[in-house]
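In what follows, a single structure is set out as structure tokens and then discussed.
The values are calculated or read from the model by the stated rules, or taken from the named source; none is laboratory data. None of these values were measured; they are calculated from a predicted model. Cβ: placed from backbone, ideal geometry, glycine included. Neighbour counts: every protein chain shown. Accessible surface is based on the protein model in full, side chains and every heavy atom, while ligands, DNA and RNA are left aside. Shrake-Rupley method; radii C 1.70, N 1.55, O 1.52, S 1.80 Å.
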Amino acid sequence: MADPSSYRPKPGQIPDSPGVYKFRDEHRRVIYVGKAKNLRQRVANYFQDLANLHPRTRTMVTTAASVEWTVVSTEVEALQLEYSWIKEFDPRFNVKYRDDKSYPYLAVTLNEEFPRVQVMRGAKKKGVRYFGPYGHAWAIRETVDLMLRVFPVRTCSAGVFKNAERTGRPCLLGYIGKCSAPCVGRVTPEEHRDLAEDFCDFMAGRTGTYIRRLEKDMMQAAEEMEYERAARLRDDAGALKRAMEKSAVVLADATDADLIAVAEDELEAALQIFHVRGGRVRGQRGWVTDKVEAVDTSGLVEHALQQLYGEERGDAVPKEVLVPALPEDTEAVSQWLAERRGSQVSLRIPQRGDKKDLMATVQRNAQQALGLHKTKRASDLTTRSRALEEIAEALGLDTAPLRIECYDISHLQGDDVVASMVVFEDGLARKSEYRRFQIKGFEGQDDVRSMHEVIGRRFRRYLQERERTGEWEEQPTGTPTGPAPTGPAPTGPVPGPVPAAGPAVGDGEPTAVAKDTEPREDDGRPKRFAYPPQLVVVDGGQPQVAAAKRALDELGIDDIAVCGLAKRLEEVWLPDDDDPVVLPRSSEGLYLLQRVRDEAHRFAITYQRAKRAKRIRTSPLDDVSGLGETRKQALIKHFGSVKKLRQATIDEICEVPGIGRRTAESVAAALASTAPAAPAVNTATGEIIEEDDGGSS
């Protein structure tokens, strides 16, 4: 725990201008970002008597090791920079909203030559027009099905579209009149784009024009006795009305507005947002967050506005935003919203009438969402906290191990030896931090030696990162920044140049590839192997624990706890202890250690199996010069397996069509040089692994 006075800026060093400030921890990670009209007044508030600070603020300033700031010209610029930094650095002490589910949107891909209407989830893409979000994907499809009668826009995938272009035949929707079939040239690209834009206008709330036009054309067709056309126009108008009826009118003045409501307690907050377009509720979504910083309702609203509109432009930002409490700097936030929309935005609290009534409905939804969320998660939060406390008590740690790393070794009879590293933070898996290693220091089966190598490589990289960031050196004074971090020096000897670690590779989740890189200025972004755990767990007993501890000692690291979890009796082993620590079977701490160990085992064995499968897919026949894939398959088909082919004579190999004597001799020589010394045995099942799958695939 750091003393805030150790990094407090000198009096008069902080400017009294608008700006944005960052707190960093001893590892140079950005842990909090804030903005201020007056930097001097705001930053000074963090360095008062700790007893006067909010508990969450107190935790933040004692976790931090330095503070720095950037001066900007206006409060709007400060708001924009704060949003950018929160998104870039993901600080742990800033409020971060997370969707309570992945909401589907109705999307129109206006960035394509022939725009497509489809359901989309996830991050928004440039050039795509979005409507919603909707509660269910089926609601989108029902709406689209009704509207395709009037706006027959393409809905097919790129593959279906190209196939129709190639064959000259449209899909079923083209035959039944629910697609204008641009794939076969029934309409020009310009005509199809006009249809897509009309579709977007209708979805945006401009509905009256189209319905009146359809009704006028219907009456005209009836007067001209074109009754079939009149009936079709009548049905089209009815389809549009049914699509409109799916969202009830809530605001009679056809307002475009977003309504935001907040429900909160001391620990968490839930937000509900209703998207009203043309007086109708077009979408609804909810967010929940942990209140990791001291923030009131106005602060929660400001964070919600940043996240909701930070990536939006134009009509995606409505004319009105109705909130339960105004942000601290309402004028700057309103100006920021207006810049994103391109015109004036009204940010206010509804006082009376339909809008106040609708806000009460949104508020009830927020209260229900918070209650449901707490019901699902309350026990989880309590259990994780208890588990970490039990581990700290059992292992004699000063504080709860908020970051735990677990290592496991996996191989099959000494082949394809690999290791895994999994990370749990606050009792939850953090998969973006997982790493995988190939054991390169030696050949064969030696779990203890493998563990020593992996721990050494991982923490050698950690020391490299600390050295590159200059954490042990005196930091130069920068003009716009606060004082350099003054975190504790390493307890062991300061290493000299550290040799590069061996390679580490992965299979889809982020991988750590050890390679030399130029020293660079640390910017607070997460880096490979940059952060130390409070606890290292190894899968194994006393020998593996001793190997891990020896690797740390060799690097001069003595402030990281080490333990091992043996599978047989689920005993917890500590370095230099002859007897294990036995946690009760009902212990939440033991359950968490088991989950961490099992996840490391899963991650390691998945990688080992992938490497083995890749190796098995190769064949000794691959090394035979001039032997192509067709003749390899012919050999395997004729003999049934590589094993039987290896036992065949040269004359028998020559009997295969297309195989001459010289090729047969080359095949026999290649197979003889790769003959197995002994049958392989699956150590898990005791089965002998027959070599019967042959050629490459």
Could you give the spread of the C-alpha atoms of the range 259-410 along their three principal axes, from largest to smallest, in whole angstroms? 60, 35, 30
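Using mean Cβ contacts within 10 Å as the protection proxy, how do 80-89, 391-400, 446-455, 167-176 order, highest first? Intermediate values should be presented prior to the final figure.
Numbers: 80-89: 18.5, 391-400: 15.6, 446-455: 22.5, 167-176: 14.0.
Packing order, densest peptide first, comes out as 446-455, 80-89, 391-400, 167-176.
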Percent accessible area from carbon and sulfur atoms, the range 1-68, protein chains only, probe 1.4 Å: 45 percent
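Once you have the Cα-Cα distance between Asn52 and Ser5, take 0.36 nm times their residue separation minus that, and quote the gain in nm to one decimal.
Values: separation 47, 0.36 × 47 = 16.92 nm, distance 1.48 nm.
Stretched fully, the Asn52-Ser5 segment lengthens by 15.4 nm.
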Suppose we keep just the alpha-carbon trace of the range 161-203; what are its Rg and Dmax in angstrom? 11.1, 33
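How compact is the range 563-655 by the rule of thumb for globular proteins, expressed as Cα Rg over 2.2 N^0.38 Å? Walk me through the numbers on the way to the answer.
Working: Rg = 24.9 Å, N = 93, 2.2 N^0.38 = 12.3 Å.
Working it through for the range 563-655, the quotient is 2.02.
Could you order Arg116, Arg662 so the one with the most accessible surface comes first? Probe is 1.4 Å. Numbers along the way, then the final one.
On the way: Arg116 55, Arg662 195 Å².
Descending order: Arg662, Arg116.
Classify the range 279-326 as rounded, prolate or oblate, taking a ≥ b ≥ c as the square roots of the eigenvalues of its Cα gyration tensor: rounded when a/c is under 1.5, otherwise prolate if a/b is larger than b/c and oblate if not. The partial results should precede the final answer.
On the way: a/c = 1.90, a/b = 1.80, b/c = 1.05.
Prolate shape, in that a/c is at least 1.5 and a/b is the bigger ratio.
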Based on the Cβ-Cβ distance of Lys644 and Arg609, what FRET efficiency does E = 1/(1 + (r/R0)^6) give at R0 = 22 Å, to the nearest 0.05? 0.25
Residues whose built amide H sits under 5 Å from the amide H of Glu26, excluding neighbours closer than 5 in sequence, are Ala65
Potential extension, Lys87-Asp290 segment - 0.36 nm per residue separation minus Cα distance: 71.4 nm
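Quickly rank 546-553, 359-366 as a protection proxy: mean count of other C-beta atoms within 10 Å, highest first. Intermediate values should be presented prior to the final figure.
Numbers: 546-553: 20.9, 359-366: 17.5.
Per-residue Cβ counts within 10 Å, averaged per peptide and sorted highest first, yield 546-553, 359-366.
If DNA, RNA and ligands are ignored and the probe is 1.4 Å, what is the ranking of Glu443, Glu223, Glu75, Glu191 by accessible area, most exposed first? Provide the component values of the computation, followed by the final result.
Details: Glu443 175, Glu223 145, Glu75 70, Glu191 95 Å².
If we order Glu443, Glu223, Glu75, Glu191 from most to least accessible, we get Glu443, Glu223, Glu191, Glu75.
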So between Lys216 and Arg313, what do we pick up on full extension, going 0.36 nm a residue minus the alpha carbon distance? 31.4 nm
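For the range 1-56, what ratio Rg/Rh do Cα atoms give with a Kirkwood hydrodynamic radius?
Dividing the radius of gyration by the Kirkwood radius yields 0.94.
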What does the accessible area of Asp194 come to, in Å² to the nearest 10, when a probe of 1.4 Å is used? 80 Å²
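Hey, can you rank 585-593, 628-636 by average C-beta count inside 10 Å, highest first?
Working: 585-593: 17.8, 628-636: 15.6.
Top of the packing list down: 585-593, 628-636.
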With a 1.4 Å probe and all protein chains kept in place, how much accessible area does Val667 have, in Å² rounded to the nearest 10? 0 Å²
With every protein chain kept in place and a 1.4 Å probe, the residues Trp573, Trp287 fall, from largest accessible area down, as Trp573, Trp287
Pairs of Cα atoms under 8 Å, at least six residues apart: use those to get the relative contact order of the range 523-612, whole percent. 23 percent
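Which of the pairs Lys125/Lys431; Lys319/Lys356; Lys567/Lys611; Lys126/Lys319 have their Cα atoms more than 19 Å apart in this structure?
On the way: Lys125/Lys431 25 Å; Lys319/Lys356 17 Å; Lys567/Lys611 25 Å; Lys126/Lys319 22 Å.
Exceeds cut-off: Lys125/Lys431; Lys567/Lys611; Lys126/Lys319.
Can you pull out the trypsin sites (Lys or Arg not before Pro) in the range 292-357 whose DSSP state is coil and whose Cβ has at most 16 other Cβ atoms within 10 Å? Intermediate values should be presented prior to the final figure.
On the way: sites: Arg313, Lys319, Arg340, Arg341, Arg348, Arg352, Lys355, Lys356; in loops: Arg313, Lys319, Arg352.
Here the trypsin sites (Lys or Arg not before Pro) that fit, given the DSSP loop and packing criteria, are Arg313, Lys319, Arg352.
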At 1.4 Å probe size, with every protein chain present, just tell me what the per residue accessible area of the range 13-104 comes to in Å². 41 Å²
Please work out whether the range 280-364 counts as rounded, prolate or oblate from its C-alpha gyration tensor, where a ≥ b ≥ c are the square roots of the eigenvalues and a/c under 1.5 means rounded, while otherwise a/b larger than b/c means prolate and anything else oblate? rounded
Separation of the Glu629 and Glu224 label points, Cα + 7 Å toward Cβ, nm: 6.1 nm
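Would you mind working out the accessible area per residue for the range 577-642, using a 1.4 Å probe, and quoting it in Å²? Before the final figure, lay out the partial values.
On the way: 3700 Å² over 66 residues.
Result: 56 Å² of accessible area for each residue.
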